[in-house]
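Just below is one structure, and these are the notes that go with it.
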Amino acid sequence: MTVEILATSLANGVMLGGLYALVALGLTLIFGVMRIINFAHGSLMMLAMYATFGLATRTGVDPYLALGVTVPGGFLVGWGLQRLAIAPVLGAPEHNQLLMTLGLALFLDNLALALFTADPRTLLTAYSASTVAIGPVRLNLPRLLAFAGALGITAALAAFLKLTVLGRALRAAAEERDGAALVGIPVRRMYALAFGLGSACVAAAGTLAVPFFYVSPEVGNTFVITAFVVVVLGGLGSFPGALLGGLAVGVVESLGGLFLHGSLAQIGIFLLFILVLLARPTGLLGAAHA
Amino acid sequence: MTSRRRFLRTVAAAAALGVPGTLRAQPREVLIGETHPLTGPLAREGNLGRQGIELAVNEINAAGGIQALGGARLRLMVLDNESKPPVAISTMERLKDAGVVAVLGPYASGLAFVTTQEAEKYRIPHVLDVAIADQITERGFKYTFRFSPTAGVGAAQTVEYLGGLVKDFQLGWKRAVLVHEDGLFGKATADTLQKLLPTIGMDVVDRIPHNAQAPSLTNEVLKIKAARADVVIPSTYYPAHSLIIRTMAEQRVDVGAVLSVYGGAGSQYRFIKDVGRLADFMLDGNHWFNPRAPRIRGVIAAFERAYQQPFAYEWLLAYQSVWVLKDALERAGAPDRERLREALARTHLTDTLMPYPIAFDDKGQNPHARVLLMQVQGGRIAVVYPPAFAEARPVVPVPPWEKRS
Amino acid sequence: MRELGAGAALAGALLLPLVVRSEHVVGTLTLIFFFAFVGQGWNILGGYAGQFSFGHALFFGIGAYTSALAFIKGGISPWLGMVAGAVLAALVGLLTGHLSFRYGLRGAYFALVMLAFAEIFRVAVTNWEWVGASFGLLVPLRGHAPALFQFADKRAYYYVILGMLLALTAGVARLERSRLGYEMAAVRENEAAAAALGINPYRVKLVAMALSAAVTALGGTFYVQYFSYVDPTIAFGPAHSVEILLRPILGGAGTLWGPLLGSALLGLLGEATRGLVRAHAGLHLMLYGLILMVAVVFLPRGVIGLLHRRP
């Protein structure tokens, strides 16, 4: 175990962590505003990945340019899904909301399976194996770009929420629904906005991942389970929590994998998840059950 | 539909019984069952198997069917087991209900465990394609027939070939690193390798398990780098091979060779399609055709024409299984399960597309089965070992990553 | 009138395998009864006590693996193994229930925690050689051995699961009318109010969990004897948890006949689409997803809820 290997593993963990953070961000935004745990989050990521792959292989569009399509596309799909599927159950008992997103996930995952088959696809670009050397450490270029992209989008989203009127309205609707409605904020539209933004985030994450990760119908779930852990760890609804949590989980996963057997690390993540849920069952926002 | 078919057969049988000796009606068709994963995670392989079987059946029928049965044509009943054992069991039930005389399939070991169990229960001869788990033919079953090599045999022979390479080319390789998926296939193969590698003078300096669904294998590749291996032997699934090679290229991890056991990457054209030049020089010990078999070129061309797919051993083994069945049907003389089973047990086929003759021991396994060692060279997959079957000279040690374009 | 109808249905069910020759039909019905059985097990905790678990495959798997292992390693009859599996599952249920309910986990959190527990078991079993690891367990064939829960004739399994289902239904019917049943309903409707009435929600939920776990585990043993095979994904996987809860949700959670109704509907739908679905993977799961979404909006109380809404 040399310093070079440790450093490379650490760097990899940070880069992947940025991507986890972006996925978690979308999840936590949706939860923060609507108190819904979106089981279909991974499915949306997966669809964005297939869209990116399809664009790249059929029209030669570079994955990073494809962001221009998948991010707005993800937003629109999220908005639409919220209106069609989520809005009808917003007043329903919580388990029905869960079942709705679960059903959506089942539907989307298997739609992808039917359309694209289970065969994992890899996209090779000219720079797929390119590296950036920082001292003895070689950083894979696509992963580095994904990290940079994730940070950029996170910053943009944070700025939007803090500085724009629309962003503040969204936060108001999240924190105090009835009060927000009273001052004229169209709460239902805020929900659709939140879902749209959350979906756009996860679509971006998917697109950024395509140059270094294979595309298959279950790939979204791999990322999303980790994102769930991140969100719960960082506190459901907390932005900084999602960001720091993502980085932390990425690093722990990477370094842990260096010393531990792969599957033990998986169990560790689930145990962590349970422990955090037991210790802070209601997250940072207090009692979350309407 | 089933009852109509049964009704017709009953009538035919009754009519046949009423007709003396040589005028007795021969069956026009022999019903063969096939269970393959046509959907689900194994759909790609299952469909290749289906295509291989279809090609063989069409060829046999076009050439006059089963001579000993008066030119009876083979008719296939193909069922999708969805890559799931419980569905596979249900397909066996339906095939039995339909009255098939034998069953082909199911490609995957996990599925084969249950289909052979059902075949034994229902007393239907079952000729397997691929399905490498050793235990399948270690249960004393009488109705299971596997002509291709097992996991254990494949691993042992691959080690033998590696030893041959090291000797023939004076490579002086001593350090081996095993990378395996942490499931049964990976672990069992790694265990076998760990036992056998010392017999060719190699030390296993590290054994690296990995999670089969891992999104990143960077840590594992870093460990390979730390181990300063002469040869890396992966026993894992296809997506992991892709990740390993790409990460090795990216991190410039140079070794003497990457040689997998039943890896699939070094002996599958889709790997070359997926990773391009990075696939070069990858070695794999796996099922393959016999390059010296006279008919093989024609069969590969026919398959490419019919299905626009290059060679893949998944369809080859399925294709071959039909011919094994055909040979047995000719010797059985009747579309009867018991007589077919007897005939299969007495099989001795030398005219095959495989690099080995086909016969079955009392456990239903072919003791002559053999894997070959292939290498990707310039976008083509060539057999490089053993010399009796080699098409090209192996490139060992492989060039370092920096030197490759 | 209703008694006559029920009697006719029962007689029909009993006579069916003797009249219908197709193994396939009998097999389909066997699976319908099976899913109704495990669905009812889930229903005890999820429907009657209102605690939705997304990880019930945990108990199913414990039942399946316990009895299979007892037989493979110790030659113990699966009938006994079945009981052991149920007891073990109940204990695990008590443990996970204690952790969850003591720390106030409800709704989505409880659902997710159960999922996490099931996943932990799945990964652990996948990596444990002694229990077959990722390969799973094959029950050795003994031909016709009723004492070992193995039958040469598949129809025997039909009768076994039918018997199990009838017994369970009778049991749950009594539970509905018992004091515990009322307490469960009270906790489901409004936990705080129930506590104010002197009911101990923690204890009620825990009992429901233990019962639910035990029943689901019994189903697990049946499954492994019927298919002679089980692996970690089949036993503990999230897909299986979904299969278990889908039937009672569709039929009507918290009702006696919901699980059977849901199972029958899905079973028939599965058969109807099987013919259509030749080349497309996962279409039936896609359908499940669609059904779930539609059911949640239009049938929030399941099909039975729809039937009861007549003016």
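The values are calculated or read from the model by the stated rules, or taken from the named source; none is laboratory data. Owing to the predicted nature of the structure, the values given are computational and were not obtained by experimental measurement. Neighbour counts are summed over all protein chains in view; Cβ atoms, including those assigned to glycine, are modelled from backbone coordinates with ideal geometry. Each accessible area value is taken on the protein alone, full model and side chains, heavy atoms only, with ligands, DNA and RNA left out. Shrake-Rupley method; radii C 1.70, N 1.55, O 1.52, S 1.80 Å.
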Of the residues C:Ala90, A:Leu255, B:Pro234, the Cα lying farthest along the dipole of the protein assembly as shown towards its positive end, which is defined by charges on the beta carbon of Lys, Arg, Asp and Glu, belongs to C:Ala90
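Peptides B:281-287, C:89-95: what's the order by average Cβ count within 10 Å, highest mean first?
On the way: B:281-287: 26.0, C:89-95: 19.9.
Averaged packing, sorted descending, gives the order B:281-287, C:89-95.
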Going residue by residue through the stretch B:109-120, the Karplus relation 6.51 cos²θ - 1.76 cosθ + 1.60 with θ = phi - 60° gives ³J(HN,Hα) values, rounded to whole Hz and with x marking Gly or Pro, of 4, x, 6, 5, 4, 7, 5, 5, 5, 5, 4, 5
Note on chain C: helices (DSSP H) long enough, at least 18 Å by alpha carbon along their axis, and hydrophobic enough, mean Kyte-Doolittle at least 0.0, are C:2-19, C:23-43, C:57-74, C:78-102, C:107-126, C:154-177, C:201-227, C:238-251, C:258-276, C:283-298
Between the alpha carbon centres of the stretch B:258-313 and the stretch A:169-211 the gap in Å comes to 50 Å
Mean separation of Cα contacts under 8 Å (at least 6 apart) over the residue count of chain A, i.e. the relative contact order in percent, is 40 percent
Per the rule of 0.36 nm per residue minus the C-alpha distance, extending B:Glu391 to B:Thr199 adds in nm 66.4 nm
Scattering profile of chain C from the Debye formula, Cα beads only, expressed as log10 I(q)/I(0) at q = 0.09, 0.13, 0.15 Å⁻¹, is -0.45, -0.96, -1.28
Charge tally for neighbours of B:Thr352 with beta carbon under 10 Å away, counting Lys, Arg as +1 and Asp, Glu as -1, is -1
Of the accessible area of the protein assembly as shown, computed with a 1.4 Å probe and all protein chains kept, carbon and sulfur make up a percent value of 64 percent
Whole-Å distance linking the alpha carbon centroid of the stretch C:90-111 with that of the stretch A:82-133 is 28 Å
Over 18 Å (Cα to Cα) among B:Lys84/B:Lys363; B:Lys174/B:Lys195; B:Lys96/B:Lys363; B:Lys142/B:Lys363; B:Lys363/C:Lys73; B:Lys121/B:Lys142 -> B:Lys84/B:Lys363; B:Lys96/B:Lys363; B:Lys363/C:Lys73
Ratio for the stretch A:25-77, C-alpha Rg to 2.2 N^0.38 Å, reads 1.30
With label points set 7 Å from each Cα along the Cα-to-Cβ direction at B:Gln67 and C:Arg177, the distance between them in nm comes to 7.7 nm
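Pairs of alpha-carbon atoms within less than 8 angstrom and 6+ residues apart define the contacts here; what relative contact order does the stretch A:1-126 have, in percent?
Dividing the mean separation by the residue count of the stretch A:1-126 yields 28 percent.
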Taking the convex hull of the alpha-carbon atoms of the stretch C:68-156 and averaging its shadow over every direction gives an area in square nanometres of 7.5 nm²
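State to the nearest 20 debye the size of the charge dipole of chain B about its Cα centre, where the only charges are +1 on K and R beta carbons and -1 on D and E beta carbons.
680 debye
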Taking only the alpha carbons of the stretch B:349-402, the radius of gyration and the largest Cα-Cα distance, Dmax, both in angstrom, are 15.4, 53
Spelling it out for B:Val30: with amide H atoms placed in the peptide plane at 1.01 Å from N, the residues 5 or more places away or on another chain with amide H under 5 Å from its amide H are B:Arg73, B:Leu74, B:Arg75
For the B:Asp168, A:Leu272 Cβ pair and Förster radius 60 Å, calculated FRET efficiency rounded to 0.05 is 0.70
Rounded to the nearest 100 Å², the accessible area hidden between B and C, summed over both chains at a 1.4 Å probe radius, is 2100 Å²
Of the candidates B:Leu74, B:Met354, B:Asn219, the farthest towards the positive dipole end of chain B (Lys/Arg Cβ +1, Asp/Glu Cβ -1, centred on the Cα centre) is B:Leu74
Total charge of the residues flanking A:Ala169 in space, meaning their Cβ is under 15 Å from its Cβ, with Lys and Arg +1 and Asp and Glu -1, is +3
Expressed in angstrom, Rg and Dmax over the Cα atoms of chain A are 18.8, 61
Computed for the protein assembly as shown: size of charge dipole around the Cα centre, +1 on C-beta of each Lys and Arg, -1 on C-beta of each Asp and Glu, debye to nearest 20, value 1320 debye
Over all viewing directions the Cα convex hull of the stretch A:133-209 casts an average projected area in nm² of 6.1 nm²
Nearest-0.05 FRET efficiency for B:Asp191 and B:Tyr307 at R0 = 35 Å, using Cβ-Cβ distance, is 0.40
Restricted to the protein assembly as shown, the DSSP antiparallel beta bridge percent, nearest 5, is 35 percent
If one compares the long axis through the Cα atoms of helix B:184-196 with the longest principal axis of the Cα atoms of chain B, the angle in degrees, nearest 10, works out at 60 degrees
So the angle from the long Cα axis of helix A:41-59 to the longest Cα principal axis of chain A, reported in degrees to the nearest 10, equals 50 degrees
Any aspartates and glutamates whose Cα falls less than 12 Å from that of C:Lys154, other than same-chain ones fewer than 8 residues away, would be B:Glu93, B:Glu118, C:Glu23
So for R0 = 30 Å, FRET eff. of C:Leu268-C:Leu91 from the Cβ-Cβ r, to 0.05, ends up at 0.20
Simple spin-label estimate for C:Leu141/C:Leu197, 7 Å along Cα→Cβ, in nm, reads 5.5 nm
Summing +1 per Lys or Arg and -1 per Asp or Glu among the other residues with Cβ less than 14 Å from A:Leu271's Cβ gives -1
With Cα coordinates, the longest principal axis of chain A makes an angle with the long axis of helix A:239-259, in degrees rounded to 10, of 30 degrees
What the 10 Å binned alpha carbon P(r) of the protein assembly as shown shows, as percent of pairs per bin from 0, is 2, 11, 19, 23, 21, 15, 7, 2, 0, 0
Projected onto the charge dipole of chain C (unit charges on the beta-carbon of Lys, Arg, Asp and Glu, signs +1, +1, -1, -1), the Cα from C:Ala152, C:Gly74, C:Leu162 with the largest positive-side position is that of C:Leu162
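Before anything else, pin down the relative contact order of chain B: Cα pairs under 8 Å, at least 6 apart, normalised by residue count, whole percent.
Working: 815 pairs, mean separation 69.8, N = 405.
Reported as a whole number, the value is 17 percent.
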Given unit charges at Cβ for Lys, Arg (+) and Asp, Glu (-), the dipole magnitude of the stretch A:108-237 about its Cα centre in debye, nearest 20, is 360 debye
